[in-house]
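Beneath this line is the structure, given in structure tokens, with notes to follow.
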């Protein structure tokens, strides 16, 4: 063959070229399809997290699960399971047992995730055993043990009793336990119980205390009024009662608006004792709060005081009440008066 001559063209070359092109296209399409499925599943996780209003830390924990899911199961398995709530819950619990169950802080976040993802309905808050749902998750704790469980049954009478199936167990007979439940509308609730029977991973528990709110993430913009008084712990000085109106009330505290410059009033009182600066911790604060037709007396501490506008002063007041009955009254009031996310 002469060097400057092209090789003779044959039809087989065309077929080889077409086959190579088809293979390349199929490879790229397959890669694109896998990336598309992966992106779709990832976006599903982010979308459902947003729809269920998970917190940033809860979303981060859920994405840790997704990384585990991705490493241990094929894209086809995940794509089939991810929108099936029963299968997804099964994988979450599998991940919990293998990875998460020894992390106490993450257990509470996992409780929130389970409640938010798999329970559409639920009471606004938990005030008694009748507010619990069958199969809802619960965090069970002792001084040396903790795990997630699920409520199997509830008995109100003759004594409050619940049956809980635990994801892990040990010899818990006759032990007192803490149980933490969660409502996305109002936060975590704790109650103390005593185990009266153990069957494999299932425990029967008598409820010994009220359901105490551990957190409360809502407040109301309904206007309330009252009076506030400041007493110095060491100096024996105090102010007269000062009228206020509040537009922001939560279980954690209250923002009140007063026409009196409370900061100046306290500075003047302290100057008489040659004390130049206000230290909020030195003052005991008493507040008289009017809720509808009832008056309540609370104690607390001042976070700070601001001048919000001319002749109007804003006081950020934090409750220091351990009275569970008072908390129930506040929860009820907030629930019935247009609750919104708290930003105190």
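The values are calculated or read from the model by the stated rules, or taken from the named source; none is laboratory data. For clarity, every value in this text was computed on a predicted model and none was experimentally measured. Here Cβ is always computed from backbone atoms with ideal geometry, including for glycine, and neighbour counts include all displayed protein chains.
Below are the figures for this structure:
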quantity	calculated
Residue in the range 275-296 that is at pLDDT 85 or above and exposed (fewer than 12 other Cβ atoms within 10 Å of the Cβ) present	yes
Matching option when the condition is at pLDDT 85 or above, in the same structural domain as residue 151 (by TED's automatic domain parsing) and in contact with a strand residue (DSSP E or B) (Cβ under 6 Å, 6 or more places away or on another chain), among 242, 196	196
Helices (runs of 4 or more DSSP H) lying entirely in the range 38-109 (those with 3 or more residues that are within 20 Å of residue 182 (Cβ to Cβ))	56-72, 85-95
Within the range 205-236, tally of residues that are part of a strand (DSSP E or B), farther than 18 Å from residue 289 by Cβ and either modelled with pLDDT under 85 or assigned by TED's automatic domain parsing to the domain that holds residue 269 (or both)	2
